[in-house]
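S.K.: Have a look at this one before I ask anything.
Only the coordinates and a few stated rules stand behind these numbers; no lab work does. What you are looking at is a predicted structure, and each value in this text was computed from that prediction instead of being measured. Cβ sites come from the backbone with ideal geometry, for glycine too, and all protein chains shown count toward neighbours.
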Amino acid sequence: MDFVSGLRCRECGRAYPAEALHVCDYCFGPLEVAYDYERVAATMTRERIQSGPRSIWRYADLLPVDDPNPVDLGAGFTPLIRADRLAAELGLGELWIKDDTANPTGSFKDRVVSVALTKARQLGFKIAACASTGNLANSVAAHAARAGMESVVLIPHDLEKAKVTMTSVYGGRVIAVEGSYDDVNRLCAELTSEQPSWAFVNVNVRTYYAEGSKTLAFETVEQLGWQAPDHVVVPIGSGSQLTKVAKGFEELWKVGVLDEEPSVRISGAQAAGCSPVATAFAEQADAIRPVKPDTIAKSLAIGNPADGWYALEAIRRSGGACASVTDAEIIEGIRLLARTEGIFAETAGGVTIATLAKLAAAGTVRSDERVVAMVTGHGLKTVEALAGEVGSTTTIAPTLAAFAAAMGDDHKPTGGPAPRSLR
Amino acid sequence: MSITVRIPTQLRTLTGGSGEVSVEGSTVGEALKALDGAHAGFADRLFDESGELRRFVNVFVADEDVRFLDGLATPVAEGQTLSIVPAVAGG
């Protein structure tokens, strides 16, 4: 049994039933899932969560669908890794990486898709569809296969090769559209009116889909020993993830899983080549001006972010900041995280780390804060971004002499004993 | 000039269920005004108090967002298609 009391327009407050609806019929504002928090509070406890599955579904009481057999590949409950070496580089104190590269298809999108398709199946949909910059495409195709649903995935024509392969391998339809992500998104928004029997996960079932991102906040709290962090840094594409991370912290307090009201500063990370939210933040603007994206961070290349306004609002309300970083800084961010913590992130992760570095240097993210950076996708998806940046350093003949020559003076063979623990 | 306007599901109650409507007009603003004339209620749904497009309403002329063009003053040519699309999608 779920605890959903219905859907409600975020703008004008009109109420709707919990069906495949995503915008208010009247003002086109986004619909938001409404829960009966009193009933959730009476049910949800730390013990109940801890006895649940090691996935997002341990937080089912605060998800918009309940199903004993969800459409599930094991999304969520990814590692929260203490990052002391990266913290030292950035002059920070307690820093953690939420490593969502560890999800089944390599990105946080598995969280939202598992929720969306479970709800879509419950509503009777047989076909799963989406507009995607790649990560969502991977996840929708995989989860649809798992659920025995057909899938139709629409992507911009110029995506990274791995993202296309990782989508088409699951056997659904993959349609590359000549245009940007915003063009694909507009096409899907129009298609939703023509194909009402398809579940477009980020259009007509977006209301449910978006709720899946709250689990990033839920897990962070649980993994920190039921404490909220002081500051989180979240990448911004559509702004949905950041908005829902903020909602997740508030909900845990509302239902009594957190003892104290959390005060989490939330900062947003964007690529300079697509930074409508960071620009609005810097200009203290009241509206998000859409842009034409031009960045290597394709998973964040959304020029007209649906939840940009709400992300901006969440950032401002929390006392956080929003900044953007160049393509060169993104690549350095990827390399810095890999070299210090052994985590290989895609370009969006590079955006997060580079923005964290920038905000730390500016004193916005402080060394006395407990900081969590959301690293949301795996580096193998965007290897093109590193072409010419990294590679095998040298090729040698299989001889000791060639090896010694290649290593130079730094690591001359010593002939001495191995460390004690190796003997 | 005859323009085709594509209507999203959410607004088809105003057009008797029709997904496409032909109107006259030489700019986006004129076409949308004509749409409201033919099917009362559109203006209320599309425009805010100051007469601008509501925050969550996107309008496209020949697949380009009018916010990248001249907004409501964007010219429309005979036979072009104008799409009204809810902004909340994607990501």
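S.K.: In debye to the nearest 20, how big a dipole does the range A:284-399 give about its Cα centre with +1 on each Lys and Arg Cβ and -1 on each Asp and Glu Cβ?
M.R.: 140
S.K.: Can you sort A:HIS231, B:HIS39 from fewest to most other Cβ atoms within 10 Å of each residue's own Cβ? Intermediate results must be reported in sequence, preceding the final value.
M.R.: Working: A:HIS231 25, B:HIS39 19.
Least to most surrounded, the residues fall as B:HIS39, A:HIS231.
S.K.: Sum up the charges of everything whose Cβ sits under 9 Å from the Cβ of A:THR133, counting Lys and Arg as +1 and Asp and Glu as -1, but leave A:THR133 out.
M.R.: Values: positive: A:LYS163, A:LYS298; negative: none.
Within the 9 Å Cβ shell, the charges total +2.
S.K.: Taking N as the number of residues in chain A, what value does Rg over Cα atoms divided by 2.2 N^0.38 Å take? Intermediate values should be presented prior to the final figure.
M.R.: Values: Rg = 22.1 Å, N = 423, 2.2 N^0.38 = 21.9 Å.
Rg over 2.2 N^0.38 Å, computed on Cα atoms: 1.01.
S.K.: Here is a further query. In debye to the nearest 20, how big a dipole does the range B:2-86 give about its Cα centre with +1 on each Lys and Arg Cβ and -1 on each Asp and Glu Cβ? Could the numbers behind the result be given before it?
M.R.: Details: 7 positive and 13 negative charges, 61 e Å.
Charge dipole of the range B:2-86: 300 debye, to the nearest 20.
S.K.: Quick check for me: using +1 on Lys/Arg Cβ and -1 on Asp/Glu Cβ, what's the dipole size of the range A:352-410 about its Cα centre, in debye to the nearest 20?
M.R.: Working: 4 positive and 6 negative charges, 60 e Å.
Computed about the Cα centre, the dipole is about 300 debye.
S.K.: Can you find, among A:TYR35, A:ALA142, A:GLN122, the residue farthest towards the positive end of the dipole of the range A:1-144? Put +1 on the C-beta of Lys and Arg, -1 on that of Asp and Glu.
M.R.: Of the candidates, A:ALA142 comes out farthest on the positive side.
S.K.: May I ask which residue of A:THR220, A:SER240, A:GLN270 lies farthest towards the positive end of the charge dipole of chain A, with charges of +1 (Lys, Arg) and -1 (Asp, Glu) on Cβ and the Cα centre as origin?
M.R.: Farthest towards the positive end: A:THR220.
S.K.: Let me know the mean shielding of B:5-12 by other chains, meaning the per-residue number of their Cβ atoms within 10 Å of its Cβ.
M.R.: That average works out to 4.
S.K.: Taking a ≥ b ≥ c as the square roots of the Cα gyration tensor eigenvalues, with a/c under 1.5 meaning rounded and otherwise prolate when a/b beats b/c, else oblate, which class fits the range B:2-86? List each step's numbers first, then the result.
M.R.: On the way: a/c = 1.41, a/b = 1.11, b/c = 1.27.
Taking the square roots of the gyration eigenvalues as a ≥ b ≥ c, the range B:2-86 is rounded.
S.K.: In what sequence, highest mean first, do A:326-337, A:273-284 appear when ranked by Cβ atoms within 10 angstrom?
M.R.: Working: A:326-337: 21.2, A:273-284: 19.6.
Highest-to-lowest ranking by the protection proxy: A:326-337, A:273-284.
S.K.: Can you give me the relative contact order of chain A as a percent, contacts being Cα pairs under 8 Å and 6 or more apart?
M.R.: 16
S.K.: What does the charge add up to near A:ARG265, with Lys and Arg as +1, Asp and Glu as -1, over the other residues with Cβ less than 9 Å from its Cβ? Before the final figure, lay out the partial values.
M.R.: Numbers: positive: none; negative: A:ASP230, A:GLU369.
Net charge around A:ARG265: -2.
S.K.: Applying a 10 Å radius around every beta-carbon, put A:383-390, A:135-142, A:242-249 in order of their mean neighbour count, most first. Working shown, then result.
M.R.: Working: A:383-390: 13.1, A:135-142: 29.1, A:242-249: 26.1.
Highest-to-lowest ranking by the protection proxy: A:135-142, A:242-249, A:383-390.
S.K.: Counting partner chain Cβ atoms within 10 Å of every residue's Cβ in A:300-309, what's the average?
M.R.: Working: counts 1, 0, 2, 2, 8, 3, 8, 3, 2, 3.
Partner-chain Cβ atoms within 10 Å, mean over residues of A:300-309: 3.
S.K.: Pick out, from A:ALA210, A:SER324, A:THR340, the residue whose Cα sits farthest towards the positive end of the charge dipole of chain A, with +1 on the Cβ of Lys and Arg and -1 on the Cβ of Asp and Glu.
M.R.: So the residue furthest toward the plus end is A:THR340.
S.K.: Sort A:THR45, A:THR215 so that the residue with the fewest other Cβ atoms within 10 Å of its own Cβ comes first and the one with the most comes last. Numbers along the way, then the final one.
M.R.: On the way: A:THR45 14, A:THR215 29.
The order, fewest Cβ neighbours first, is A:THR45, A:THR215.
S.K.: Just order A:55-66, A:258-269 by mean Cβ neighbour count inside 10 Å, highest at the front, would you? Walk me through the intermediate numbers first.
M.R.: On the way: A:55-66: 23.5, A:258-269: 19.6.
Going by the mean number of other Cβ atoms within 10 Å, highest first, we get A:55-66, A:258-269.
S.K.: Give me the net charge of A:ALA354's neighbourhood, meaning all other residues with Cβ under 11 Å from the Cβ of A:ALA354; Lys, Arg count +1, Asp, Glu -1.
M.R.: Numbers: positive: A:ARG335, A:LYS358; negative: A:ASP327, A:GLU329, A:GLU332.
Within the 11 Å Cβ shell, the charges total -1.
S.K.: Which whole number gives the average, over all residues in A:126-138, of C-beta atoms from other chains lying within 10 Å of the residue C-beta? Before the final figure, lay out each step's value.
M.R.: Working: counts 0, 0, 0, 0, 1, 3, 2, 2, 0, 0, 2, 0, 0.
Mean partner shielding for this stretch: 1.
S.K.: Take every DSSP beta bridge whose two residues both sit in chain A, then give the antiparallel share in percent to the nearest 5.
M.R.: Values: 14 of 45 bridges.
Roughly 30 percent of the beta bridges in chain A run antiparallel, per DSSP.
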